[in-house]
Amino acid sequence: MEFIVNNSQETQNIAQKLADLVQAGDIILLTGDLGAGKTTFTKGLAKGLGIKANIKSPTFTLIREYHQGRLPLYHMDVYRLEEVGGDELGLEEYFNGDGVSVVEWAKFVADEIPVDNLEVIFTKDSENPDYRKLSFLGHGSRSKALAQALSQSLA
C-alpha cells in the first residue's frame, strides 16, 4: 500500500491515523534517506498517541522514551550502530514491552528485529522537495492486518 504526501503535515496526518490502530508490541520500521521524513512521521505518531513532548531524532542518544500517551513510544535511531550492531542494547525488552517501537535505520540491527513488523519506506523526489511516497509493508500477520486497517481508515 502506498500514499503520496506533498508536505510534512500530510505525513503526520497518516501517522496520526496509524496511532489510532497500534497496540503494545507493535514495531514500525522507518526506511529512507536522510531528511526523508522519518522523524516527522514519528512526530505524527506521537501526537496521535496523545504524547505532547517535543519529538526529536534520537541520533546521538539512540533511544528516546515517551510515556505520556495512550501507549509508551520507544523511538530508536540506530544509524550509529552501522559498524557494531545492537545485540548488547537489550532491544528485545522494548520490542516485547508495553509500548510501540519505532526504529529508524533498522537495517543496522536487522538481526534484532522481530519478524512481525510494519515497514514504512519513504521515497523522496529530487525535483520536488516536498513530495514523498510512503510505502507500507506488513511483515507478519499482525503487521499485515495493521497495514490493511490503516488503508481502510484512510480510504
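The values are calculated or read from the model by the stated rules, or taken from the named source; none is laboratory data. This is a predicted model, so every value here is computed, not measured. Cβ coordinates were reconstructed from backbone atoms using ideal geometry, including for glycine residues, and neighbour counts include every protein chain displayed. The accessibility values were calculated without ligands, DNA or RNA, using every heavy atom of the protein model including side chains. Shrake-Rupley method; radii C 1.70, N 1.55, O 1.52, S 1.80 Å.
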Open item on the list: So, in segment 1-15, exactly how many residues are under 21 Å from residue 139 (Cα atoms) and modelled with pLDDT of 95 or more?
Closed with: 2
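Residue by residue through segment 132-155, note down the ones that are hydroxyl-bearing (Ser, Thr, Tyr) and open to solvent by less than 60 Å² (accessible area, probe 1.4 Å). I'd like the intermediate steps shown before the answer.
We begin by selecting, within segment 132-155, every residue hydroxyl-bearing (Ser, Thr, Tyr); these are 135, 141, 143, 151, 153.
Scanning segment 132-155 gives 135, 143, 151, 153.
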Task: Filter result for residue 99 (at positive phi and at pLDDT 90 or above) - done: no
Open item on the list: Out of the residues in segment 102-123 meeting the condition of being surrounded by fewer than 17 Cβ atoms within 10 Å (Cβ to Cβ) and under 22 Å from residue 43 (Cα atoms), tell me which one is modelled with the lowest pLDDT.
Closed with: 107
Task: Odd one out for residue 73, checked against (1) modelled with pLDDT of 95 or more; (2) surrounded by 14 or more Cβ atoms within 10 Å (Cβ to Cβ); (3) farther than 25 Å from residue 34 by Cβ - done: (3)
- [ ] Select from segment 1-43 the residues that are open to solvent by less than 30 Å² (accessible area, probe 1.4 Å), part of a helix (DSSP H, G or I) and of a type outside the set (S, T, N, Q) and list them in ascending order.
- [x] 14, 15, 18, 19, 38, 41
Open item on the list: Take the residues in segment 52-62 that are more than 13 Å from the chain's Cα centre (by Cα) and open to solvent by less than 40 Å² (accessible area, probe 1.4 Å); name whichever of them is farthest from residue 100 (Cα to Cα).
Closed with: 59
- [ ] Please give the strands (runs of 3 or more DSSP E) falling wholly within segment 88-155 in which 1 or more residues are among the aromatic types (Phe, Trp, Tyr).
- [x] 117-124, 132-139
Open item on the list: Filter segment 93-146 down to the residues that are in contact with a Lys or Arg (Cβ under 6 Å, 6 or more places away or on another chain) and more than 18 Å from residue 3 (Cα to Cα) and list them by number.
Closed with: 104, 116
Task: Residue among 81, 49, 91 that alone is crowded, with 17+ Cβ neighbours inside 10 Å, at negative phi, modelled with pLDDT of 90 or more and aliphatic (A, V, I, L, M) - done: 49
